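In what follows, a structure is listed as structure tokens, so that the remarks can point back to it.
Every number in this text was worked out from the coordinates using simple rules, so none of it is lab data. Predicted, not measured: the structure shown is a model, and the values here were computed from it. Note that each Cβ is placed from the backbone with ideal geometry, even for glycine, and that neighbours are counted across all protein chains shown.
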Amino acid sequence: MSFQISVEPSGLHFRNEANETLLAAGIRQGIGLPYGCKDGACGSCKCKKVSGTVVHGPHQDKALSEDEEAQGFVLTCCATALSDVVLESRLVSKEGGLPVKKMPVRVVSLEKVSHDVMVMRLQLPGTEPLKFRAGQYIEFILRDGTRRSYSMANAPHKLEQSPQIELHIRHMPGGKFTDQVFSTMKEKDVLRAEGPYGSFYLREDSDKPMVLLASGTGFAPIKALIEHMQHQGIKRSATLYWGGRRPDDLYMSQWVEAQCAAMPNLTYVPVISNAEASDNWKGRTGFVHQAVLEDHPDLSNFQVYACGAPVVIESAQRDYTTKAGLPQEEFYADSFTSSADK
């Protein structure tokens, strides 16, 4: 049995098969629903149910509380339809989803750029070019079937020069995948990957000024956005706020400064939360999402693109919409939920 899922106000619709989540059905049929982790942890796919009945699978309360569910909100990554359903989501894109494919990828290089960040470059199959939007991610499929997600740090036009993608991987001690990356993995190793995934990418139909907010390796998809903006000649004003605990956590600051020199519309504000005397840090300090509010107490005419630790994304979305007037539909995020978060 299948049911029709309609999404307002876009007018898009698709079919939901039995035991299939709304999100999985949408991805399968090329519908641009918003989402992040796909595991009920981040809340990026939350939207309002106008009519119909769904049942939710396991998810975290912070992603969808009992009160929110009682008010008619659903997590499409965990919800299965029991009838025809009408959803309301202003973040749904009329752009079709790009085809998701499984592929072998070969490790080209591993470059340790800070004490806990590795830049990994992967060779893609030459026979089937990967189509993706700057800001999207891929998933590694591990031998036991578990998956690990990482954003691509390069824009798609870079594949024209070389069919490689760049990932920024933070070491999570004890992590099933990152322990391997930082110890036994080597060049020419072959991994299994699937993608592209994610609804984080630049909305080019807007001319609003942008805040690009990154914490830690949340810089990776932001880097891809900046490369895409430069390649497309996008002149919209953009300010990058990149936060880390110590200066070394901002592992590609020189790259950002070089882009600012080439892109007059781009401004860079590095923010350090735990600077020590030995760092000799003279820049901004504190929490990165609060630095944005200090500079922009009124965000009502902005778009925000935020990536990184869940606590940063959650704080930014709450404070920007309630304190600075940012419209909910102008906050685009990729919350980097780890396996522990999930």
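Listing for the model above:
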item	result
Cα-only Debye scattering, the range 35-145: base-10 log of I(q)/I(0) at q = 0.13 Å⁻¹	-0.72
Karplus-derived HN-Hα couplings along the range 156-162 (A = 6.51, B = -1.76, C = 1.60, θ = phi - 60°), whole Hz, x at Gly and Pro	x, 5, 5, 5, 5, 7, 7
The range 121-213: GluC sites (Glu not before Pro) in DSSP coil with no more than 16 other Cβ atoms inside 10 Å	Glu187, Glu204
Estimated [θ] at 222 nm from DSSP helical runs (n ≥ 4, -39500 (n - 2.57)) normalised by residues in the chain, nearest 500	-5000 deg cm²/dmol
Qualifying trypsin sites (Lys or Arg not before Pro) for the range 19-85 [loop in DSSP, other Cβ within 10 Å: at most 13]	Lys62
The range 121-275: radius of gyration and largest Cα-Cα distance (Dmax), Å	16.3, 48
The range 38-57 and the range 189-242: distance between their alpha carbon centers, rounded to Å	25
Long-range HN-HN contacts of Ser199 with modeled amide H, under 5 Å	Tyr35
Percent breakdown of C-alpha pair distances by 20 Å bin, ordered from the shortest bin, for the chain	30, 60, 10, 0
Value of Rg to Rh for the range 212-254 (Rh from inverse mean 1/r over Cα pairs, i.e. Kirkwood)	1.00
Space enclosed by the convex hull of the alpha-carbon atoms of the range 2-88, per residue, Å³	77
In the range 151-202, trypsin sites (Lys or Arg not before Pro) in a DSSP loop with at most 14 other beta-carbon atoms within 10 Å	Lys176, Lys186, Lys188
Surface/4 of the Cα convex hull for the range 210-335, nm²	7.2
Long pairs among Lys131/Lys223; Lys208/Lys323; Lys223/Lys323, criterion Cα-Cα beyond 22 Å	Lys223/Lys323
Calculated Rg and Dmax of the range 101-197 using C-alpha coordinates, Å	12.6, 37
Sorted by Cβ neighbour density within 10 Å, fewest at the top, the residues Phe219, Phe132, Phe177	Phe177, Phe132, Phe219
Antiparallel %, DSSP beta bridges [both residues in the range 148-291], to 5	5
Shape box of the range 146-210 [Cα atoms, principal axes, largest first, Å]	46, 28, 19
Rh by Kirkwood over Cα pairs, then Stokes-Einstein D for the range 261-342 at 0.692 mPa s and 37 °C, µm²/s	230
Rounded to 5, the percent of DSSP beta bridges in the chain classed as antiparallel	60
Long pairs among Lys101/Lys176; Lys62/Lys102; Lys102/Lys188; Lys48/Lys235; Lys38/Lys176, criterion Cα-Cα beyond 27 Å	Lys62/Lys102; Lys48/Lys235
